[in-house]
1. Conditions first: (1) open to solvent by less than 10 Å² (accessible area, probe 1.4 Å); (2) outside any helix (DSSP H, G or I); (3) at pLDDT below 95. L493 passes all but one, so which condition is the exception?
2. Just to be sure I understand the filter: pairs with C-beta atoms under 8 Å, separated by 6 or more residues or on different chains, first member in segment 213-230 and farther than 15 Å from R247 by Cα, second member of a type in the set (K, R) and in a strand (DSSP E or B). Which pairs pass?
3. Is one or more of the residues making up segment 237-258 surrounded by 19 or more Cβ atoms within 10 Å (Cβ to Cβ), polar (S, T, N, Q) and either over 17 Å from G312 (Cα atoms) or under 27 Å from the mean Cα position of the chain (by Cα) (or both)?
4. Anything in segment 230-275 that is in contact with a Pro (Cβ under 6 Å, 6 or more places away or on another chain) and among the aliphatic types (A, V, I, L, M)? List them, or say none.
5. Taking segment 473-486, which residues are surrounded by 13 or more Cβ atoms within 10 Å (Cβ to Cβ) and either in contact with a Gly (Cβ under 6 Å, 6 or more places away or on another chain) or part of a helix (DSSP H, G or I) (or both)?
6. Quick check, is A437 open to solvent by less than 30 Å² (accessible area, probe 1.4 Å), under 19 Å from D486 (Cβ atoms) and aliphatic (A, V, I, L, M)?
7. Looking for whichever is at pLDDT below 95 and either outside any loop (DSSP other than H, G, I, E, B) or open to solvent by 20 Å² or more (accessible area, probe 1.4 Å) (or both) here; the options are R516, R503. Which one fits?
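The values are calculated or read from the model by the stated rules, or taken from the named source; none is laboratory data. Computed from a predicted model, the values in this text were never measured in an experiment. When we count neighbours, we look across all protein chains shown, and the Cβ atoms used for this are built from the backbone with ideal geometry, even at glycine. For accessibility, only protein heavy atoms count, side chains too; no ligands or nucleic acids. Shrake-Rupley method; radii C 1.70, N 1.55, O 1.52, S 1.80 Å.
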Amino acid sequence: MKKAVVVLPLISLFLVSFSLPVHSNPVDDCIWQNLDDHGPIMLLIDPEKGSVEYGNQAAAAFFGYPADALAGLPLAELTAGSLDELAAIWEEALAQEENSFVLERRLASGETRAVEIYVYPYRLEGREMFFSIIHDITEEKQLAARERLMAAAYFISLVAIIGCLLFINHLREEDLQQVIVLMNGVWQAKEKREAVEKLTLERKKYYLTLLSIGDGVMVVDREGRIEILNGVGQKLTGWPAHEAVGRHYQEVFVLAHEGEGQEVQDPIAAALATERIQKLDDRAVLISRDGKRYHLEDSAAPIKDSTGATIGAVLVFRDVTAEKEQRKKIEYLSYRDPLTGLYNRRFIEEKLQELDGAENLPLSIIVGDINSLKLVNDIFGHTYGDLLLQQTAEVFRRVLRAGDIVARWGGDEFLVLLPKTGAREVEKIVARIKDEAGQEYIRGIQGTISLGYATKEKGEQGIRQVLQAAEDAMYTEKSLGRDSNDRRMLGNLLAAFHKASARERGHAERVTQLCRNFGIKLGLSPRELEQLVEASFLHDLGKIVLDGEVVNKVGVLTEQEWSQVKRHPVVGCRILKLFDETFDLADIVLTHHERWDGRGYPMGLAGEEIPLLARIVSLVEAYDAMVSGFYSGHPLAREEALGIIEAGAGSQFDPQLAPAFCRFIAAG
């Protein structure tokens, strides 16, 4: 990967700023942080106030002011010229007629420095600002001045020598040639000194650049001894420059492979040996002096002299640990189901094609569907449904072998690929999955799963046809086992509910027996009597969603508790509608707390809008609650309870059923 130091995105920002109008959007906080940590000298100037709005760390260091003192500093403190000159600059920059200016700036010490300023209009929080980038060109100007001075001296010397010769005697041709040779020597000496000064200045610039860029930089000689280690390199290796310089780089720059027991190529050694640029292995890890591990990127390149001979190497490296972790996370999420941690459909689709080869035959496929997920979601909510999915995923992990691949195929479906696995072996695996899944429970609901499988034995079989065969087998099993699965799930729910509350079980049994006897007395048809008995036993099943303390509480309920309790007819109805065998009982359970006068719950039905069997359950349940002390903890005498029922005829209870029930109970 190409080197991407922090300076480059900042330069991009400045180039973009050049073409932006003054209504550009403000730079966000992360850019300010980058400007503070890296880059050239930068100021944000408020022309209206004539002061500095913001200066980065480089600006504070250059001008000699603390960073907090620089903000708000009048420009007059930094300007060697006049304020009128500054005003003219702002006007030209605002009109975008000119963006580059050479000025003199005054430092806190009083020293004056020549600077080249690039100015761009910028809008910050509705205010017009100027963004300026400053380069110190004092040394360049001094060098240029010396060049001009030496050129002038050369010509003055030449004229003086020629004049002297002319004055002393007439200048002969051979004298003129000697003068020319002499002055050529002077000129060559001048050019040589200028070249040395320029080279020294450029080397200083490049050296400072290497030390200040945002990547680690290490320069070694032909023997591998460290000559330069910049600040970032010192931080990553854990070696200060004064200790690292002169040591062999392998002592300081310790590389390892991210995989245990594997080796990584040494990029510096390779660059010196091949005399070509070498990339770091993308699995390379730098082990710092204190044992920290950093994932690295970037490359090493040979350094050649003017003859083309390799005299050393430069390594540029950067810490990509965070980026690599982020890439791993993105890759993980792109192929993983976030809820279960299993592979997702995208991954398994790709793997299905990848494994479809003769080397993986026989290739078996298992398709599974959780039978009870809808029931759990509908009764307890998706939080518990998610828990059931996670538990089922764990079952697959426990049962399957290392080479098997399992994925969440859909909402409640799973798919397993089993390379080199025949029909007999996959049958045993399916049996183990069912057994393990059957031991998982969510709030009393067993985590059963329907499974189908198929095996590709020959290369000419289409993998999609094998997958379809596995799906068909799963749906066949699900359909054939639906009734038994439903009975088992409903039985498990009841068992869990009654286990949590023995008094609810006793209440259900007593109400069921009374309803049966009263239904016979009323002359209900066999079908009506069967429905009444079944509904009366299940009438409070919806309370399974309540907290155990609320279900078993005796005495007055709080407003919040009462609000929870009033949900149980709706929940009970929803449960019963999930099963074919109990679907017809759902409305009876839903309406067994409605009142004749319409003041009941959950729907406020009145009179004969309430199903007959629900009116019977309501009457019998109320009687049992009074004589057993179910809610209050204080049982009432039979006569007292019957008196309350008689008083409630036509308001709470059916006006015809209430007296009939009282006569039935009194008759004993």
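1. For L493, the exception is condition (2).
2. Pairs found: G214/R318; D215/R318; G216/R318.
3. Within segment 237-258, one or more residues are surrounded by 19 or more Cβ atoms within 10 Å (Cβ to Cβ), polar (S, T, N, Q) and either over 17 Å from G312 (Cα atoms) or under 27 Å from the mean Cα position of the chain (by Cα) (or both).
4. Let us first name the residues in segment 230-275 that are in contact with a Pro (Cβ under 6 Å, 6 or more places away or on another chain), namely 234, 271, 275.
Within segment 230-275, just A271 meets the criteria.
5. The initial filter retains those residues of segment 473-486 that are surrounded by 13 or more Cβ atoms within 10 Å (Cβ to Cβ), namely 473-475, 477-478, 481-482, 485-486.
Hits for segment 473-486 are A473, M474, Y475, E477, K478, R482, N485, D486.
6. Against the criterion (open to solvent by less than 30 Å² (accessible area, probe 1.4 Å), under 19 Å from D486 (Cβ atoms) and aliphatic (A, V, I, L, M)), A437 qualifies.
7. Working: R516 fails: at pLDDT below 95.
One residue alone meets the criteria, R503.
Yes or no, residue by residue, for (1) among the aliphatic types (A, V, I, L, M); (2) free of Cβ contacts under 8 Å to residues at least 40 places away in the same chain:
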site: L557; (1), (2): yes, yes
site: A606; (1), (2): yes, yes
site: P611; (1), (2): no, yes
site: F630; (1), (2): no, no
site: A637; (1), (2): yes, yes
